[in-house]
Amino acid sequence: MEGRVLLQGIRDNVAKVLVGKTEPVDLLLTALLCRGHALIEDVPGVGKTTLAQSFARSLDLTFRRIQFTPDVLPSDIVGFTLYDLKSGQGEFQPGAVMAQVVLADEINRSGPKTQSALLEVMEENQVTVDGTTHLVPQPFLVLATQNPVEYAGTFPLPEAQLDRFLLRVHMGYPSHRDEIAILDRHAARRGPVDLSPIASPDEILRMQEEVLDVRVSEPVQDYIARIAARTRVHESIALGASPRGAIALMRAARARAYLLGRAYALPDDVQALAEPVLLHRLVLRPEASLHGGSAARLLSDLIRALPVPSVR
């Protein structure tokens, strides 16, 4: 099936369950297309887990959900070696990450040691247990949800962990019309929606390869590099975007162009994805926060101040 038809089918599938969330779905598609991972963050009750589950069920991939709690251990995630005392041989017992789509639900409910168990697999698509490396199945996607760090019982993700997520998705509250549609669905007392998978593993891998053919011209690359460099010297930003962040922005811009049916990326793609890709990688100086500054507004002002390249 042609790529754009598949992508629209996934959108339509998720819309059967979740009302009015086209932008978050497109961001998850962006992460999937460029082999990245997505962090879905917002207050409880806005549909974070529903979004992740319905998106995963729209893909014909193996799926595992990890409900993060303070008692979850790293071995629950990556696996462990079970030794037979009689034979003296060890057998690898795979953890929850040995699936193609992994939902790390409420990831900031567990401590840093458990959170960091995902670092290697998210960057290198493999886990190392007792000195032996095990590859995860492909395609591989981690969808993590978290509540804002101000909520009780949460452990903020360290910068190194946040940097492994290609982008961060905010759900937001529904519009008035969408909320009426949500209420109507629940008033009808309908049962759970049975979603059929739309895209097979081979089709997803093919689309991921096609995204690599999307051209990113030198002016667009220069634009991305200037945005990243400006975050590193801004007087209100203590920690700017790393080179990994700049690469992530380029990959995401490619995927957005592919989603829109273009064979080339534009500055518009960079601007549209700068906040989801870069915002969670920035750390403000304390004085900036004290004076009411926000990372989103700083990033927006920073991008607006830079000249936009002309791309032909």
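Determine whether the stretch 261-268 contains at least one residue that is surrounded by 14 or more Cβ atoms within 10 Å (Cβ to Cβ) and in contact (Cβ under 8 Å) with a residue 60 or more places away in the chain. No: the stretch 261-268 contains no residue that is surrounded by 14 or more Cβ atoms within 10 Å (Cβ to Cβ) and in contact (Cβ under 8 Å) with a residue 60 or more places away in the chain.
Consider L27 carefully, then state whether it is surrounded by 18 or more Cβ atoms within 10 Å (Cβ to Cβ), hydrophobic (A, V, I, L, M, F, W, C) and part of a loop (DSSP other than H, G, I, E, B). For L27, the condition - surrounded by 18 or more Cβ atoms within 10 Å (Cβ to Cβ), hydrophobic (A, V, I, L, M, F, W, C) and part of a loop (DSSP other than H, G, I, E, B) - is not met. Looking at the stretch 48-66, which of its residues are surrounded by fewer than 20 Cβ atoms within 10 Å (Cβ to Cβ) and either of a type in the set (S, T, Y) or out of contact with any strand residue (DSSP E or B) (no Cβ under 7 Å at 6 or more places or on another chain) (or both)? Answer for the stretch 48-66, where residues must be surrounded by fewer than 20 Cβ atoms within 10 Å (Cβ to Cβ) and either of a type in the set (S, T, Y) or out of contact with any strand residue (DSSP E or B) (no Cβ under 7 Å at 6 or more places or on another chain) (or both): T49, T50, T62. Within the stretch 160-196, the residues that satisfy the criterion of being assigned to a loop (DSSP other than H, G, I, E, B) and under 20 Å from the mean Cα position of the chain (by Cα) are D163, R164, F165, L166, M171, G172, Y173.
I'm checking my understanding of the structure. Among residues of the stretch 89-108 that are under 18 Å from the mean Cα position of the chain (by Cα) and among the charged types (D, E, K, R), which one is farthest from L59 (Cα to Cα)? Filtering first and then ranking leaves E106.
Evaluated against (1) free of Cβ contacts under 8 Å to residues at least 40 places away in the same chain; (2) assigned to a helix (DSSP H, G or I), R4 falls short on exactly one condition, (1). Evaluate the stretch 83-92: report whether one residue or more is closer than 18 Å to N125 by Cα and assigned to a strand (DSSP E or B). Yes, the stretch 83-92 has at least one match.
Every number here is computed from the coordinates shown, using simple stated rules; none is lab data. What you see is a predicted model; the values in this text were computed from it and never measured. Positions of Cβ are generated from backbone atoms using ideal geometry, with glycine treated the same way; all protein chains shown enter the neighbour counts.
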